[in-house]
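*Asks:* Structure incoming, see below.
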Amino acid sequence: MPLLAVHDLRKSYPSSGAAAGGTIPVVDVPAFALAAGEQRALRGESGSGKTTFLHLIAGILAPDSGRIELDGRDVATLGEAARDRLRAETLGYIFQTFNLLQGHSVLENVELGMAFGRGVDRARAEALLRRVGLGERLHHFPRQLSTGQQQRVAVARALANHPKLVLADEPTGNLDARNSREALALIREVCRENGAALLLVSHDEAVLAQFETVQDFRTLNRAAPQT
């Protein structure tokens, strides 16, 4: 059984303008699967629906129809509390904009992520931050860090709750070429060390070239614009 299996997943948004009252299909994925420990990249341009796809997998958005089976449970059928718990205990998410809490220290950002899962484990939080090269920055605030360092905090936070799957949405989009290469290598290595599968979406060919398995999201998503 795959760690993640998607079946007939659909999501539309209300249309505007001349087509007001209708809907615009954004995601229409008949089938997708990812094995435990697998690392795969999805190629997708802006507007292809790739971020919506990740948000559906994570339970941030509810699908219009279809099934999302994560670690043997159908995310789409869970109530809000159960979905939040499954997300906290099974998923890690690395956002392009990092989504760090500016009023909290580096260590607190990681610990707060733990609070929604199995509980705060300061020793693990500190160990993860040391692993990503921030052992001397535990009590710094995000504004005191470089963009690359903030991204490393986001990586540590995503791995804090021992997730089985890490989702990464253009995680190097705000980094220069050198920091992008280093950050991606770090993400992949830390995922391997923690036994987590990785599903990354990007439009950057330099990022995609570092993956052994790359899939074009347009071949999965029947709602994506075809070029």
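*Asks:* Write out, first by first residue and then by second, each pair whose Cβ atoms fall under 9 Å of each other, whose residues are 6+ apart or on separate chains, and whose first residue, in segment 185-201, is within 18 Å of residue 214 (Cα to Cα) while the second is of a type in the set (Asp, Glu).
*Replies:* Sorted first by the residue in segment 185-201, then by its partner, the pairs are 197/38; 198/38; 199/38; 200/169; 200/170; 201/169; 201/170.
*Asks:* With the structure loaded, tell me whether residue 83 is under 16 Å from residue 224 (Cβ atoms) and within 17 Å of the chain's Cα centre (by Cα) or whether it fails that test.
*Replies:* no
*Asks:* Within segment 93-113, track down each residue that is crowded, with 19+ Cβ neighbours inside 10 Å and assigned to a helix (DSSP H, G or I).
*Replies:* Matches in segment 93-113: 106, 107, 109, 110, 111, 113.
*Asks:* Can you say whether residue 190 is under 27 Å from residue 71 (Cα atoms), part of a loop (DSSP other than H, G, I, E, B) and β-branched (Val, Ile, Thr), as far as the supplied structure shows? Show your work before the answer.
*Replies:* On the way: under 27 Å from residue 71 (Cα atoms): yes; part of a loop (DSSP other than H, G, I, E, B): no; β-branched (Val, Ile, Thr): yes.
No.
*Asks:* Does segment 171-179 include one or more residues that are within 26 Å of residue 28 (Cα to Cα), of a type outside the set (Asp, Glu) and buried (at least 18 other Cβ atoms within 10 Å of the Cβ)?
*Replies:* Checked against the condition, which is being within 26 Å of residue 28 (Cα to Cα), of a type outside the set (Asp, Glu) and buried (at least 18 other Cβ atoms within 10 Å of the Cβ), segment 171-179 yields at least one hit.
*Asks:* Look through 28, 74, 64 and report the one residue that is out of contact with any helix residue (DSSP H, G or I) (no Cβ under 7 Å at 6 or more places or on another chain), surrounded by fewer than 20 Cβ atoms within 10 Å (Cβ to Cβ) and within 22 Å of residue 161 (Cα to Cα). Write out each step before concluding.
*Replies:* Details: 28 fails: within 22 Å of residue 161 (Cα to Cα); 64 fails: within 22 Å of residue 161 (Cα to Cα).
None of the other options fit; the residue is 74.
*Asks:* Can you find a residue in segment 44-62 that is of a type outside the set (A, V, I, L, M) and either assigned to a strand (DSSP E or B) or more than 29 Å from residue 210 (Cα to Cα) (or both)?
*Replies:* No, segment 44-62 contains no residue that is of a type outside the set (A, V, I, L, M) and either assigned to a strand (DSSP E or B) or more than 29 Å from residue 210 (Cα to Cα) (or both).
*Asks:* Continuing with this model, one more query. In the set 127, 154, 123, which member is within 21 Å of residue 96 (Cα to Cα) and either surrounded by fewer than 18 Cβ atoms within 10 Å (Cβ to Cβ) or of a type outside the set (S, T, N, Q) (or both)?
*Replies:* Checking each option against the conditions leaves just 154.
*Asks:* Now a separate question. Considering every residue within segment 87-96, establish whether at least one is touching a helix residue (DSSP H, G or I) at 6+ places or on another chain (Cβ under 8 Å), farther than 15 Å from residue 187 by Cβ and not acidic (Asp, Glu).
*Replies:* Within segment 87-96 (the criterion being touching a helix residue (DSSP H, G or I) at 6+ places or on another chain (Cβ under 8 Å), farther than 15 Å from residue 187 by Cβ and not acidic (Asp, Glu)), the answer is yes, since at least one residue qualifies.
Every number here is computed from the coordinates shown, using simple stated rules; none is lab data. Just so we're clear, the structure is a prediction, and the values are computed from it rather than from any experiment. Backbone-built Cβ (ideal geometry, glycine too); neighbour counts: all protein chains shown.
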